[in-house]
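Enquirer: Sharing a structure here in C-alpha cells format.
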Number of protein chains: 2
Amino acid sequence: MLNQLLQQAKDAQKGLRLADGSRRNQVLAAMRDLLRERQTEILAVNQAEVQRAEAAGLTGALLKRLVLTEKKLAELADGLKTVARLPDPLGQGPRWTLDNGLKLNTVRVPLGVIGLIFESRPGVAIEAAGLTVKSGNAIILRSGHEALDTVTLLTRLWQDALERAGLPRFAVQSVEKPDRQYAVEMMHLTGLDLLIPRGGAGLIQTVVKEATVPVIETGVGNCHLYVDKAADLDMAVKILRDGKVGNPAVCNALETVLVHRDVKEAFLTRAYAALEDDGVTWHGDPEVRRILPQAVAADEPDWANEYLSLDLAAKVVDGLEEALAHIERYGTFHSEAVVTNDYVVGQTFLERVDAAVVYWNASTRFTDGFQFGFGAEVGISTQKMHARGPMGLEALTTTKTLAYGMGQTRDLH
Amino acid sequence: MLNQLLQQAKDAQKGLRLADGSRRNQVLAAMRDLLRERQTEILAVNQAEVQRAEAAGLTGALLKRLVLTEKKLAELADGLKTVARLPDPLGQGPRWTLDNGLKLNTVRVPLGVIGLIFESRPGVAIEAAGLTVKSGNAIILRSGHEALDTVTLLTRLWQDALERAGLPRFAVQSVEKPDRQYAVEMMHLTGLDLLIPRGGAGLIQTVVKEATVPVIETGVGNCHLYVDKAADLDMAVKILRDGKVGNPAVCNALETVLVHRDVKEAFLTRAYAALEDDGVTWHGDPEVRRILPQAVAADEPDWANEYLSLDLAAKVVDGLEEALAHIERYGTFHSEAVVTNDYVVGQTFLERVDAAVVYWNASTRFTDGFQFGFGAEVGISTQKMHARGPMGLEALTTTKTLAYGMGQTRDLH
C-alpha cells in the first residue's frame, strides 16, 4: 500500500519542486484559510477522537497532546504565517569557475519524499507539512492511531490547499490505517529520501535500529543544569523550575541538576522549597540526601534515563570538570545549561559541552523550532550529521552542483 | 585495540578544536616540509611495498594506485597548500536574538573523531588527514594491507607535524595491523563520530550495511552521458572518450552512453572509431548493434553495473524523456552529463536529473575535490543527507547553537 503513496508523492514532488517560492507560500496561505473556514469540523472530529481515547483509558499528558483547541489551531496557523515569511530555502548557493572555464553552481534542492512517523499529536500534521511544502518536498504522515481521524482530515485540507494553489494534491498524504505494519513498511520503503521519527525514546530507537531508509535521530533529551558556585541562586531556581515543571513530558525538559559543592546547601534547600508545591520527586546522591532527606536514593538509571515526569535527579559535584564529565557520560547531545556569573566557567561550558544547544543562564526549554523563530519544526535532531537541533526548512534540503561547460575534458583533449 | 586509539583520538581532538585556525594550518605546512625532507625514505618504503605486492601477483590498476612517485608527492603537498589557504571551516554562523532577549549563535564545530576505511592508495592518508586536521577533527586511518607500511610512515610524519605545531600527536592515527577484524571493529566503534568508506562498491556496501556508527555512503558511480540530437558530435565524442578512457577505474568515469535516435548513426560510428585504439568494448542494445555489429549484446546488468573498466554500455533513446527515465532507474546519484546545444534540453536535464553533480557539455571526470578547488577530498558522497558530491572541509563539521541568557525562562517566570 505504501508503495502507491510513495509513487504518488514522487510524482507530486516533481510539480512542487518546479513551482517557485511564492506558489509554495500560497499553499500555506490557503491552508491558513482552510483551518479557519473548517475550524468547527476540525474541532468536532478531534473532540470525538479525544472522547474515544478517554473512554479507552487514555489520561494525562498522552490525552492532553491529542487535544486541538481554537487557541492551538490559531497558534499553528500563526506558525504557517511565520514559515511562509521565511526566505525560500531552495535556490542559489556558491558559484565558481575552474581555470579551464567550467562554471560550477551549487544549488539547494528539496530532499524529495519525507516520511514522518509521529505519535498522537495532530498539530504535527500542520507544522511538518507546512515545512515540507515550503521546501518543495512531498510528505507521507503516519500518526499514532488515536489521532488518525484528525490527521486524515488535516491531510485532506492540505490537499485542498495544494489544489487551490494549483499544485499536485499528493504532495501531502497520510497513512489512513492504524496497523503497525504500515509503520514497519515505511521503515523499509526504498525510495523514501528521509524518515523522521518524532515521539518518545521507544519509537525513535525502533526506527533508528530497524529502518533501512535514511533516518534522522530526534528528540531524546536527558538534559542537565549545572549550578555553579558563582551562580545567581534565584536565577538557578527559576531556570530549574521552568525546565522541570513547565512541561515535564517533552525532550527539552530538565532531568538532572548538578550543583557545586560550595553552594549545595543554599541552592538545594531553596530549590526544594520552590518546587515542593509542584509535586516534584527528588532523586539524590548521598550528599544531596544529607541536605534533603526527603529525596529518594539516586542510582545509575537516574543519571541515564529521561524521566519525562516530575522526577528530578540531583548530584553534588566538585566543580565544572566533574559536571562536564557527568554530562559527557550521560548527556544525549540535546540541550545542556549552566547558571553562573563566572565568565570563564560560562565560556568553558559553552565550548566543551557537546550538544545541539548549550545555554548559559537560560532555560533548556527554548530548544524548539517555534521558540527559535523557525515557525515550526519537523523534529529536533540529536545527531551530528546533516542537521542538529530544531530542524526547520534547511534540514529538508540537500545540494546539487550544476556544471556548465563548453566541451571541457579532464585528461584527454 | 581500537578503543585505545579512539580514546587517544578523543583526547587529541579536544586540543585540536581549541587551537585557532592558523595553528591548524601550521600542521599542514609542517607536513609539507616533512614530505620534502623525508621524500627518499617515503619512496623507498613505498617501493618495497610495491615490489612485495607485485611478487604477490598484484597488477594493473590495483598495483598502479599503490605507487607513490616524486610527482605524486609534490601534487599531494600542493593540495595541502590549497587546503591551508581555504577559509577556516570552524567558527561563526548565524546570530539572532529572541523577543525575550535570549541571544542565539549557531557556530560550526568539528564532528569529532572520523574513521576512514580505504583501499591501498597511500596518498589518501595525506589528503584526508589534511582535511581533518584543518577542520579540527581527529582521524583514524585504516588502509588496505598492501599500503600498510607507507600509510604507517605517513601517519608518523603527521604526528611529527602535529608536534612541530605544538598540537597533540594522536589527532592522526592509523591501524597498523592488516587483519580484517580491525575494519569490522571500526564499523562498531561506539563513540566514533563518522566512518567514511572510500573504495570499491563491495567495501562501501559492506560498511553501509554493517556499521552501527554514522556512515556516509561514497563513491559508486554508474555515470551516464546523454548525447542529444542537438549535440555537437565532436564535443560529445571527446567527452565520451575522456569519461571512459581517461581513468576507467574511478567512480566519476562514464559507464553508459544514451544517444538520441536522430543522431545514432553519425554519433555511434564516429565514437566507435575514436575509441577503437583505446581498446573499449561496446555493449549495445539491438539498435546500437545494427550500427555497430562489433558491439556485444547489452543485458540488464550492463545498465545497472559500474564496469570500472574499458567496457561501455550504449543505448538508443527516443529523446530526453527516455534518457531521464533511464538515468532515474539506473543512476547512482553521482555524476550525469548531457551534450546538447538546445537550451531547453540542457536546462531540463540539469533541473530533473537527481545527482550530486550534473554536467552540461562537460566531462563527468571533474567530480573530484582537487578539480573542484577543495585541495583534497575525504570521499565523494552519493547520499543526500549531510554532504553531497566531493566532501571537503565543511562536510567534516557540524553545528552547535550557543544561547546567552540573563535568566530567561519559557513557561514559568
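Enquirer: Among the numbered conditions (1) free of Cβ contacts under 8 Å to residues at least 12 places away in the same chain; (2) assigned by TED's automatic domain parsing to the domain that holds A:Trp360, tell me where A:Arg270 comes up short.
Expert: (1)
Enquirer: Consider A:Asp285 carefully, then state whether it is within 26 Å of A:Leu203 (Cα to Cα), away from every other protein chain (no Cβ under 14 Å) and without any contact (Cβ under 8 Å) to a residue 40 or more places away in the chain.
Expert: Against the criterion (within 26 Å of A:Leu203 (Cα to Cα), away from every other protein chain (no Cβ under 14 Å) and without any contact (Cβ under 8 Å) to a residue 40 or more places away in the chain), A:Asp285 does not qualify.
Enquirer: Can you confirm whether B:Ala231 is in the same structural domain as B:Val338 (by TED's automatic domain parsing), in contact with a helix residue (DSSP H, G or I) (Cβ under 6 Å, 6 or more places away or on another chain) and assigned to a loop (DSSP other than H, G, I, E, B)?
Expert: No; evaluated as a whole, the condition is false for this residue.
Enquirer: Can you find, within the range B:176-211, the residue that is farthest from B:Val109 (Cα to Cα) among those that are under 20 Å from the mean Cα position of the chain (by Cα) and free of Cβ contacts under 8 Å to residues at least 24 places away in the same chain?
Expert: Result: B:Gly202.
Enquirer: Taking the range B:84-121 as the search range and keeping residues that are part of a strand (DSSP E or B) and of a type in the set (D, E, K, R), which one is nearest to B:Glu41 (Cα to Cα)?
Expert: Residue satisfying both the conditions and the ranking: B:Arg108.
Enquirer: So which residues in the range B:91-107 are closer than 20 Å to B:Asn25 by Cβ and open to solvent by 60 Å² or more (accessible area, probe 1.4 Å)?
Expert: Once the filter is applied, which keeps residues that are closer than 20 Å to B:Asn25 by Cβ and open to solvent by 60 Å² or more (accessible area, probe 1.4 Å), the range B:91-107 yields only B:Gln92.
Enquirer: Of the residues that make up the range B:157-169, is at least one assigned by TED's automatic domain parsing to the domain that holds B:Glu127 and either out of contact with any helix residue (DSSP H, G or I) (no Cβ under 8 Å at 6 or more places or on another chain) or under 29 Å from B:Glu54 (Cα atoms) (or both)?
Expert: Yes - at least one qualifying residue is present in the range B:157-169.
Enquirer: For the range B:79-90, does any single residue satisfy the condition of being open to solvent by less than 60 Å² (accessible area, probe 1.4 Å), under 30 Å from A:Gly373 (Cβ atoms) and within 25 Å of the chain's Cα centre (by Cα)? First the steps, then the outcome.
Expert: At the first step, the residues of the range B:79-90 found to be open to solvent by less than 60 Å² (accessible area, probe 1.4 Å) are B:79-80, B:82-84, B:86, B:89-90.
If we keep only those that are under 30 Å from A:Gly373 (Cβ atoms) too, we end up with B:89-90.
Now narrow it down to the ones that are within 25 Å of the chain's Cα centre (by Cα): B:89-90.
The answer is yes; a qualifying residue exists.
Enquirer: With a cut-off of at least 2 residues that are open to solvent by less than 30 Å² (accessible area, probe 1.4 Å) and facing chain A (nearest Cβ under 7 Å), name the strands (runs of 3 or more DSSP E) lying wholly within the range B:322-413.
Expert: B:357-362, B:397-408
Enquirer: Restricting the first residue to the range B:7-20 and requiring it to be within 10 Å of chain A (Cβ to nearest Cβ), which pairs with a second residue that is open to solvent by 60 Å² or more (accessible area, probe 1.4 Å) meet a Cβ separation below 8 Å and a spacing of at least six or different chains?
Expert: As it stands, the answer is B:Lys14/A:Arg352; B:Leu18/A:Glu351, since those pairs meet every condition given.
Enquirer: What about A:Lys81, is it assigned to a helix (DSSP H, G or I) and in contact with a Lys or Arg (Cβ under 8 Å, 6 or more places away or on another chain)?
Expert: In short, yes.
Enquirer: In the range B:243-262, what residues are open to solvent by 20 Å² or more (accessible area, probe 1.4 Å) and closer than 17 Å to B:Asp342 by Cα?
Expert: Listed by number, the residues that qualify are B:Arg261, B:Asp262.
Enquirer: With (1) open to solvent by 50 Å² or more (accessible area, probe 1.4 Å); (2) closer than 30 Å to A:Glu306 by Cα as the list, and A:Arg198 as the residue in question, which single condition is left unmet?
Expert: The single condition A:Arg198 does not satisfy is (1).
Enquirer: Could you grab me the full set of residues in the range A:210-242 that are open to solvent by 10 Å² or more (accessible area, probe 1.4 Å), in contact with an Asp or Glu (Cβ under 6 Å, 6 or more places away or on another chain) and either within 13 Å of chain B (Cβ to nearest Cβ) or not aliphatic (A, V, I, L, M) (or both)?
Expert: A:Lys229
Enquirer: Looking at the range B:56-95, which of its residues are free of Cβ contacts under 8 Å to residues at least 12 places away in the same chain and at positive phi?
Expert: Those that are free of Cβ contacts under 8 Å to residues at least 12 places away in the same chain and at positive phi: B:Gly57, B:Gly60.
Enquirer: Please work out which residue is farthest from the other protein chains (Cβ to nearest Cβ), limiting yourself to the range B:243-260 and to residues that are closer than 26 Å to B:Gly379 by Cβ and not in a loop (DSSP other than H, G, I, E, B).
Expert: Taking the candidates together, the pick is B:Thr256.
Enquirer: Does at least one position in the range B:310-318 carry a residue that is in the same structural domain as B:Ala249 (by TED's automatic domain parsing), open to solvent by 10 Å² or more (accessible area, probe 1.4 Å), touching a residue at least 12 places away in the same chain (Cβ under 8 Å) and within 22 Å of the chain's Cα centre (by Cα)?
Expert: Pass one, the range B:310-318, residues in the same structural domain as B:Ala249 (by TED's automatic domain parsing): B:310-318.
Now drop any that are not open to solvent by 10 Å² or more (accessible area, probe 1.4 Å), which leaves B:310-311, B:315, B:318.
From what is left, the residues that are touching a residue at least 12 places away in the same chain (Cβ under 8 Å) are B:310-311, B:315, B:318.
Next cut, within 22 Å of the chain's Cα centre (by Cα) only: B:310.
For the range B:310-318, residues in the same structural domain as B:Ala249 (by TED's automatic domain parsing), open to solvent by 10 Å² or more (accessible area, probe 1.4 Å), touching a residue at least 12 places away in the same chain (Cβ under 8 Å) and within 22 Å of the chain's Cα centre (by Cα): present.
The values are calculated or read from the model by the stated rules, or taken from the named source; none is laboratory data. Note that the coordinates shown come from a computational prediction; the quantities given were computed from them, not determined experimentally. When we count neighbours, we look across all protein chains shown, and the Cβ atoms used for this are built from the backbone with ideal geometry, even at glycine. Only protein heavy atoms, including side chains, enter the accessible area calculation; ligands, DNA and RNA are left aside. Shrake-Rupley method; radii C 1.70, N 1.55, O 1.52, S 1.80 Å.
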